[in-house]
Structure formats: structure tokens, C-alpha cells
There are 2 protein chains.
Amino acid sequence: MIVITTKVVSFAEGRLIEADDVDVTERDQRVADITGIDPREVAVIYEESDVLGAIPIAEIGEDLLLEHAVDPDVAQEALDDVPSMLVTERNGRLCTNAGIDWSNSPEGKMTLLPEDPDESARRLRKEIEARTGADVAVVLSDSEVAGPGSMDLAVGCSGIEAIDANFGRTDLYDQPKMGGVDLVADELTAGSALLFGQADEQVPVVVARGLEYEDGEGVPNSSGIVRRGLRKSIELTARFKAREWF
Amino acid sequence: MIVITTKVVSFAEGRLIEADDVDVTERDQRVADITGIDPREVAVIYEESDVLGAIPIAEIGEDLLLEHAVDPDVAQEALDDVPSMLVTERNGRLCTNAGIDWSNSPEGKMTLLPEDPDESARRLRKEIEARTGADVAVVLSDSEVAGPGSMDLAVGCSGIEAIDANFGRTDLYDQPKMGGVDLVADELTAGSALLFGQADEQVPVVVARGLEYEDGEGVPNSSGIVRRGLRKSIELTARFKAREWF
């Protein structure tokens, strides 16, 4: 099984945009003013995804981020460049900034996610099979904000069932267990990220051997779950928390 | 490096509670009525953690969960047993139901997380060194709800820096990069979960070899970040989303 960072796949597919070529609308400028995100990036994010909300990353996490900085000046510069992130839904997945990234991109360019990451994984898988005869699963990986840091998660896959279909098994005591919906492709990707590194390591591919997995196509569409989940969770919480809000 | 499921550590530390011995207050009963969670579990959750909110798991994810079920009847029973989860903060970490679990517990008992999971990891590490002379990092792992499924994440650790202190490095193009805050311990735990399994596999320990990591103690305290993050993100989102709420 092969885990590949989306960055190299995006490069190979020409998914780079010259920032100065982007048309910025009034709405893009307004959202840029409020969030501190480059208006040209806002424009591309809206084009690439549905925007659900925003996270003021710098305001929330500045202390923790500077504490874990190699060079405080470079870190402060990064925070000034990206004070907030938009929460977006793209290809049925929740992500930040539609997966758009300026880092490790040539000056003045943004790198977009592959147009259809599942399809990219499928194509790479076929190409590997055609060239080598090997039938390997392919997972595309991208870094995402997760709690107090970031993790790599699966954004596209082919040849592996992304979710372990084990819900409704019984446990050791023969009781129905609320589990077995393991995000296998995400767990594999997260583990692979230990070998990628995130800045200038230039390791874009990890080969994983020995893991048993089911055949399948595509990362799960969590779109409905995330939207409904946010709304319904706020509703349920309000029913018993209204008077003692956190 | 050794990754151990909290379940066996909790067992070893006697962190089991007889449900019938739990005193239920009026508040616990009210929250139980609203959320469908067993009132005795609600009582223990409030004792073990700060309650921030609730997620109506069954209402949100029923379709997806039944689709990934081995046995639809057992799955439906699990959903009826656990229709919602409380969002809690415990030892500075965000988790659901304070990490309390009925599954793989003897009938009528709940398993609680180790009282101080970082301390448990430290103790296990010392004990391993005392008995074998080997200086290994120890990470305690627990399953958590994550998007459309669940993943194992680190709830305690010793001998490994949980966050990669690389924020503020430059990328290949010498630009400051918004990254390098990799949740190393979480990524390691997620990868290990591929070998644990979640129901009756009885594999509670994974030995990981060959990974380079920094020395450190404890999982990051994300408490302030999560609370402030939720509040500030809702505020920022409201500033540009108020009229077109999702």
C-alpha cells in the first residue's frame, strides 16, 4: 500500500494557481478583511468549496504555536500571514481553506488539492499496476488542523476500504459494542506522516507493508454528518447547557 | 516505543465502577433524560470531567453506522444503548463521555480512564526499564469519535515529545511555513490502532520500532485551546456568516 502526499500529486496535475491572476469579488474582500486571509485565496477557497465557518488560528493558538517554534520570528511571520482559516467542505470532506496551500509552492502561487482526489488515487493505482504489475492500494494524504496541532489524514483513496465495516460487533462480554467504525485510511495516513515530515524533508511517498485491509474505493463522504452534526450538537447542547454555557 | 490501550491499564489500576453503586443527582437525571445516556454514566462523567456539550450520535450518524454494520440488529442495539455522547474535557484533553466505556467491561461495570494517564505512562515506562533495562517511550491509546468514524489517539505519554516542535520552519522556497506542529503521539497511536482492532481482538500492545522522536513528557494540554477555539470560531464565523448560516 502506498501513501502519497497530495502536494506532489497536485504538482503533477498542474493544480497551481498564480495568485495575481485571481479575480476578487466584493464578498471575497469582505471575508478577507474579517479573517485576515489573502483576498485572492478567499476567492479560490469559495470557488473550490462550500465555506461553513472560520477558525481564528493565531488568536486561539498563538501561545502554543510560538512555544513549539524553531525560530520565533519565522513563526510570528507565519502567524501574521495566516491568522485565520476557513472551515470548508470539499468533495464531501471537512477541511480547512479547501485544502489550498501556499507553502512549498513556488513564489506567488497557491497549490490546490487534486480536483477529485479519489479519482487521482485510482489513476495512480492503475498506472502503478500497468507499469509494475503490482496491485497496491493508494491513499492520498494531506495535513489538517486537529486540536492543538495538525495531523495527516486521507483525502482520497483507491483499493482500500477507508472505514472498517465492523460496527455492531459484540465485545468480549458479548455485549453490542459502540465501535468498529475505524477510519482505517486516516489511521494509516496519520502513521505515515511520521515518515513524511512537514517542511523541507522532501519525502512524498510512504510504502506500508503487512497490513490486512478490505478492498474499496474512495474516502467516506462526511458532508451530511458534519453539517447535521454541528447543528444537531448545538441544539442538543443548548437543551441542557443554556444556563451554564462554557 | 510501546503503545498500550488504556483499557488494559484501567483494568490493571482497578478503574472499574459498579453502575448500581453510583448516586444519581437531579441534574444527572435531567441530562440523562435529554441525551438518552444512562443516568449513572452521566453522574460519573460529571465527576470525572467538565462537560462542554453533547453530540446526538445516533441521530447524526445512524445511516452511516448501519451501513457499516456487521449485524444490523446488534448495531441498532448499540445505537439504542448510546444515542448521544457528552463532549467533555478531562486532564486538559477534549474527549467524549470523559473516556468512560461500558464495552469490553464486565457486565454492569463501567471502565474509567486511568486517573492521570501521563502518570500511568510514566510508571509503566519506569517499570519496563526496571525489569528489562530498556528505555522505551510509552503511549496510552484510546478510541475517539472523529468525523464519520473513530480513531485511536494518545491520552497519555512518557518518554516522547507529543508535539513535534517544528513550527516556524521555512519551506522549500524559504517561506515561513504554517505547519510543523505535528501531533506525533497521536499519529503514532492512530497508526498502531490498525493493529489493535476494536472489538474482541485482544491485542492491547503495539511495539513500534525505528521511529526517531524527541524525549518529552505528557500529552499537550489543549484545554484552553479547545474552549477558546470553539467560542472564538463561532464569533468569527458569525461575523461573515450571520445572514447565510449553513
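What value, in deg cm²/dmol to 500, does the helix sum -39500 (n - 2.57) over DSSP H runs of n ≥ 4 give at 222 nm once divided by the residues of the protein assembly as shown? Working shown, then result.
Details: 16 runs with 192 residues, N = 492.
Theoretical 222 nm ellipticity from helices: -12000 deg cm²/dmol.
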Chain A, rotation onto B, residue closest to that axis via Cβ, with its distance in Å: A:G191, 1
Total accessible surface hidden between A and B, rounded to 100 Å², 1.4 Å probe: 8700 Å²
Solvent-accessible surface (1.4 angstrom probe) belonging to B:E144, in square angstrom, nearest 10: 20 Å²
Pairs from A:K7/B:K126; A:K232/B:K241; A:K126/B:K7 whose Cα-Cα separation, in the structure shown, is over 30 Å: A:K7/B:K126; A:K126/B:K7
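For A:E47, B:E129, what's the largest-to-smallest order of accessible area, 1.4 Å probe? Could you put the intermediate results ahead of the total?
On the way: A:E47 160, B:E129 85 Å².
So the residues, ranked largest to smallest area, are A:E47, B:E129.
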GNM flexibility winner over chain B from B:V70, B:V206, B:V22 (Cα, springs under 10 Å): B:V70
Shape of chain B, Cα gyration tensor, a/c cut at 1.5: oblate
Residue among B:G156, B:G133, B:G14 with the largest mean-square fluctuation in a Gaussian network model of chain B, springs linking Cα atoms under 10 Å: B:G133
Stokes-Einstein diffusion coefficient of the protein assembly as shown, Kirkwood radius over Cα pairs, 10 °C, 1.306 mPa s, in µm²/s: 68 µm²/s
Unit charges at the beta carbon, dipole of the protein assembly as shown: most positive-side option, A:G156, B:L112, A:V226: A:V226
Distance from the range A:95-157 to the range B:1-54 (C-alpha centre basis), Å: 39 Å
Separation in nanometres of the label points that stand 7 Å from Cα toward Cβ, at B:A165 and B:R239: 3.2 nm
Positive-end residue, chain B charge dipole about Cα centroid, Cβ charges, pick of B:M1, B:Q202, B:I17: B:M1
Furthest towards positive pole of dipole, B:I37, B:A137, B:A78, structure part the range B:1-144, Cβ charges: B:A137
Dipole magnitude of the range B:1-82 about its Cα centre (Cβ charges: Lys, Arg +1; Asp, Glu -1), debye to nearest 20: 400 debye
Per DSSP, loop trypsin sites (Lys or Arg not before Pro) in the range B:69-116 with at most 12 further Cβ within 10 Å: none
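First measure r as the distance between the Cβ atoms of B:R123 and B:V70, then evaluate 1/(1 + (r/R0)^6) with R0 = 51 Å and state the FRET efficiency to the nearest 0.05.
Numbers: r = 37 Å, r/R0 = 0.72.
The calculated FRET efficiency here is 0.90.
Determine the dipole magnitude for chain B: charges of +1 sit on the beta-carbon of Lys and Arg, -1 on that of Asp and Glu, nothing else is charged, the reference point is the Cα centre, and the result goes in debye to the nearest 20.
Working: 23 positive and 50 negative charges, 233 e Å.
Computed charge dipole of chain B: roughly 1120 debye.
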B:T132 paired with B:V203, simple spin-label distance in nm, labels 7 Å along Cα-to-beta-carbon: 1.7 nm
Axial C-alpha extent at least 15 Å, average Kyte-Doolittle at least 0.0 - helices from chain B (DSSP): B:184-196
Among A:E18, A:E214, A:E67, residue whose mean-square fluctuation peaks in a GNM of chain A (springs only between Cα atoms under 10 Å): A:E67
Label-reachable residues, the range A:139-166, where backbone N falls under 14 Å from a point 7 Å from A:F11's Cα toward its Cβ: none
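The values are calculated or read from the model by the stated rules, or taken from the named source; none is laboratory data. As the structure is a prediction and not an experimental result, all values here were calculated from the model. Neighbour counts run over all protein chains shown; Cβ positions are idealised from the backbone, glycine included. In case anyone asks, the SASA skips ligands and DNA or RNA and just uses the protein heavy atoms, side chains included. Shrake-Rupley method; radii C 1.70, N 1.55, O 1.52, S 1.80 Å.
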